[in-house]
Amino acid sequence: MSPAPAPAAAPAAAPALAIRCRGVEKSYGSGDALVHALRKVDLDVAMGELLMLVGPSGCGKTTLISVLAGILDADAGEVAVLGADLRTMAKREVTRWRGEQVGFVFQAYNLVPTLTVEENVAIPLLLRGTPRRLALARAGELLEQVGLGARRRSAPRDLSGGQQQRVAIARSLVHEPRLLVCDEPTSALDAETGHGVMELLRAHAVRADRALVLVTHDSRIFEFADRIARMEDGRIRAVEPGRAALATEPH
Amino acid sequence: MIRIALKMLVGDRARYLGIVMGLTFAALLITQQSAIFVGLMTRTFGSITDLGQPGIWVMDPKVQFVDDVKPLQDTELLRVRGVDGVAWAVPLYKGLLKVRLHDGAYQTCNVFGLDDATLLGGPPEMVEGTLADLRRAEGVIVDENGANGKLATVRPDGTRVPLRVGDTLELNDHRAIVVGICRVSRTFQSQPVLYTTYQRATTYAPRERKLLSFVLADPKPGVDPSELCARIEAATGLQALTSDGFKTATYGYFMKYTGIPINFGIAVLLGFVIGTAIAGQTFYNFTLDNLRHFGTLKAMGATGPLLLAMILVQALVAGSIGWGLGVGGASLFGIVSRNSELAFRMPWQLLAISGGAVLFICLASALLAIKTVLRLEPAIVFKG
């Protein structure tokens, strides 16, 4: 039996903790079909940090970011995100908290195809009750930042994969969330486009008052990580600095 | 977000049209078939409607509907006139008599014999001539459809020459002269309608001891018609019904003893079921197709009530448009068939009923969709 790894602590110089998990457990099913997705996960993520979660399929990466984003409830353990103890909050409170504090970037972009690009970007603000005019204006600003100001009235289907992911990034940032959760943001993109998306994320999403947790299989983007947490069988096996991970990653 | 919900709905053109068409079809079928049903049922008491003025109909106690004539003795008229509260009472003859046409053919006609003095109960609309023309010797008024149809003369070359004012007919060996053409409500009896005076009608009718079909009466001012009916029944032993009561009795008879309600009920039900199936299934599929987007909204902080409102708005908007198109289609059908034999009557209550049915369809399909969306695990958004 291997010894339990030390908590994946944030760098000592980190000003504040965005995420603190201790002994987080999550399982699905029951009886013979019981699957332990997370087994006593300890993880710290600091503000201003970009942490990548890597590991083979089924190792629990997506479950972990779902728990961190308040989408799934942990079965056991402590989950404190941006100072909120998610395990003690009512579902409605978690939903409101998520809408205000968390931004999402999905592998499949998840843009609503019947809306324009700027309407898609404005959704998080509209959900918070921001007047449509203001929400669209803010969406336009974000689209300018990601280089798609000229395509604000386009339909998502008229954009390339990389452009759609940039729209998704704009949408994830439009309401100024303090935690950004990205699920395989580059896996559907070619190397060059993926690189561009990561540069965009680093340039616009990584800030001192925001943490970014990114799930990926894509070793081409490890260089953008501040730290890389390697998961296996529901556990965090190791946490390494981003560049060091890049150096040891077989190509 | 409501605007977003609507754009999600109408943006998917194919599905949107599918939902709207399903609802349109349901609304059209429900409204159109019901309107035909109402039209037909209205025809059952068309004669009562046409007579208009009398508030009370007095008849044999065994009479079940307006065409179920069971003659009374003439003296019953005087007995009704003697009941306290009766302002006036007049006789009415209603019977089927054979009319001999110019070409020797016979045609059964529905003959109304009106009170000679007042001519109360005459046709609702005169096309040619006046009701007073009935006072002319041997005068009869013929309904327009009958004059142009079954009473028209057929020439050897096959062309039909409508019956005109001045033409003569023969009723039971008595001559009758057409003095007017009128327009009457269509009834279940397809025979031409003839109006004449009571005395003349009883002359035309085969000899019988009893010839008085109905006594038409009206209450004095301040007397409640229903109360007067009770008084007449108590005093004469006859059946007395208000005009509306007689319509209801006639309508009720046809509802009970004919298959009309079942036949139309099946058509209406079919429209409802098919409409529900098409619209419900399409709307449900639309929601399933958008499940990922609803999941995304949920992940981004959309609350259950907000998603509920979005889906309800989508369903209600599609329902309103579908209902509008369906009712519009049914109205168009009514306008196009206005001058045909088809019975079609679309009172506002029918619009309310079809609106209610469409609303039910929308809410039922929305409910299915809502259940799926509310149970949706937002983690679905992380599945590629």
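The values are calculated or read from the model by the stated rules, or taken from the named source; none is laboratory data. If you're wondering where the values come from, they're calculated on a predicted model, not measured in any experiment. Positions of Cβ are generated from backbone atoms using ideal geometry, with glycine treated the same way; all protein chains shown enter the neighbour counts. Keep in mind that these areas ignore ligands, DNA and RNA; they rest on the heavy atoms of the full protein, side chains included. Shrake-Rupley method; radii C 1.70, N 1.55, O 1.52, S 1.80 Å.
Structural remarks
- Pairs of C-alpha atoms in segment B:73-237 farther apart than 21 Å represent 50 percent of all such pairs.
- Note, ³J(HN,Hα) from phi for segment B:267-283, Karplus 6.51, -1.76, 1.60, rounded to Hz, x at Gly and Pro: 4, 5, 4, 4, x, 5, 5, 5, x, 5, 5, 5, 5, x, 5, 5, 5
- In the assembled protein chains, A:Ser154 presents an accessible area of approximately 20 Å² (probe radius 1.4 Å).
- Cα principal axis extents for chain B, largest first, Å: 93, 60, 31
- Kirkwood Rh in Å, taken over the protein assembly as shown so that all alpha-carbon pairs contribute: 31.2 Å
- Projected label distance in nm at B:Gln189 and B:Glu138, using a 7 Å step from Cα toward the beta-carbon: 2.4 nm
- Calculated log₁₀ intensity ratio I(q)/I(0) where the Debye formula runs over C-alpha points of segment B:108-160, q = 0.23 Å⁻¹: -0.97
- Most positive-pole-ward Cα, B:Val99, B:Leu72, B:Ile4, against dipole of segment B:1-147 from beta carbon charges: B:Ile4
- Accessible carbon and sulfur surface of segment A:142-211 relative to its total accessible area, %, 1.4 Å: 43 percent
- Normalised by residue number, the volume inside the convex hull of the Cα atoms of chain A is 139 Å³ per residue.
- Between helix B:243-257 and chain B: long-axis angle, C-alpha atoms, 0 to 90°, nearest 10: 70 degrees
- Loop-located trypsin sites (Lys or Arg not before Pro) in segment B:178-281 whose Cβ has at most 15 other Cβ within 10 Å (DSSP): B:Arg207, B:Arg209, B:Lys210
- Taking every DSSP beta bridge that has both ends in segment B:73-237, the antiparallel portion is near 75%.
- For the listed residue pairs B:Lys150/B:Lys247; B:Lys62/B:Lys220; B:Lys70/B:Lys94; B:Lys210/B:Lys247; B:Lys70/B:Lys247, the alpha carbons are over 20 angstrom apart in B:Lys150/B:Lys247; B:Lys62/B:Lys220; B:Lys210/B:Lys247.
- Candidate residues B:Lys94, B:Lys7: accessible-area rank, largest first, probe 1.4 Å: B:Lys7, B:Lys94
- The H on the amide N of A:Met52, modeled in the peptide plane, is under 5 Å from the matching H of A:Leu214, A:Asp226, A:Arg227, A:Ile228, A:Ala229, each at least 5 residues off or on a different chain.
- Around the Cα centre of chain A, unit charges on the Cβ atoms of Lys, Arg, Asp and Glu (plus for the first two, minus for the last two) sum to a dipole of about 680 debye.
- Buried area at the A-B interface (accessible, heavy atoms, 1.4 Å probe, summed, Å²): 2300 Å²
- Convex hull (Cα only) mean projected area of segment B:299-384, reported in nm² to one decimal: 7.8 nm²
- Residue-averaged 222 nm ellipticity for the protein assembly as shown, from DSSP H runs of 4+ at -39500 (n - 2.57), nearest 500: -14000 deg cm²/dmol
- Residues whose placed amide H lies under 5 Å from that of A:Leu180, excluding near-sequence neighbours: A:Gly103, A:Ala211, A:Leu212, A:Val213
- Given chain A, longest segment not containing exposed loop trypsin sites (Lys or Arg not before Pro) (DSSP; at most 16 other Cβ within 10 Å): A:1-127
- Axis angle, to the nearest 10 degrees, between helix B:13-44 and the longest C-alpha principal axis of chain B: 20 degrees.
- Rolling a 1.4 Å probe over the protein heavy atoms gives chain B an accessible area of 45 Å² per residue.
- In segment A:66-108, burial by the other protein chains removes 10 Å² or more of 1.4 Å probe accessible surface, compared with the chain on its own, from A:Ser66, A:Ile71, A:Leu72, A:Arg92, A:Thr95, A:Arg98, A:Gly99, A:Phe104, A:Phe106, A:Gln107, A:Ala108.
- Scalar couplings 3J(HN,Hα) for segment B:184-191, obtained by applying the Karplus form with A = 6.51, B = -1.76, C = 1.60 to θ = phi - 60°, are 10, 5, 6, 10, 5, 7, 8, 6 Hz; x denotes Gly and Pro.
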